[in-house]
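Structure first, commentary second.
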Amino acid sequence: MMSFFSMFGTSFKEFRNVRTVLITGLFIAVSMVLEMFSINLALFKINFAFLAIAVIGMLFGPSVGLVAGMLCDIVGFIAKPDGGFFPAYVLVAGLQGLIYGICLYHRADPQLRFLKRQSSTIVLCIRAVIARLLDVVIINLLLNTALNLHYGFIPAEAYGTAVIARTAKNVLELAADIPLLMLILPAALVAYQRMGAVRAARS
């Protein structure tokens, strides 16, 4: 349990690194771009903005992931105000970053610090699947559906239909989400590690 809680402290220390702030800001911008290409349907929305949040959580951990998730929601609202501003959605967006940070933070597992061996890639991919499933169930199906109902975005009489539609949508999306995570996360981690190695060699 101590290693679990110490992970938050280690992640929080990432804020001291200017590179952390710059890369996090970059991926928040990427998340905004992906959000712009989302598809809004009657009862749900399709987008891949979670990929940028997953990378942030993997590289910098749950503390940075939590803050980045909330910033994504706030900046997204500022950039494209669509309806009212609801703080509850900000907290849920932060929770999404927290989930990816807890599941994927590479510093929490020395095996993932230098992702070269095939077994390390497999470990990261398994964690990515777990993180995405938790995101889908906790964030998309439970919290966001409940908030949409609470704020009147989903009529009470359509709640059952909304749950079925959102469940079907998320199950279908997983067929694309999981391969994308397995492709993007290892590549992002290797690129980040090489960036650090190059920087260390120059210093």
(request) State the extension gain, in nm to one decimal, for the chain segment bounded by ILE138 and VAL18, taking 0.36 nm per residue of separation less the distance between their alpha-carbons. (result) 40.0 nm
(message) Quick one: 3J(HN,Hα) in Hz for segment 49-58, Karplus 6.51/-1.76/1.60 with θ = phi - 60°, rounded, Gly and Pro as x.
(response) 5, 4, 4, 5, 5, 4, 5, 4, x, 5
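Rule-based calculations on the coordinates, nothing more; no lab input. Remember, it's a predicted structure, so these values are computed and weren't measured experimentally.
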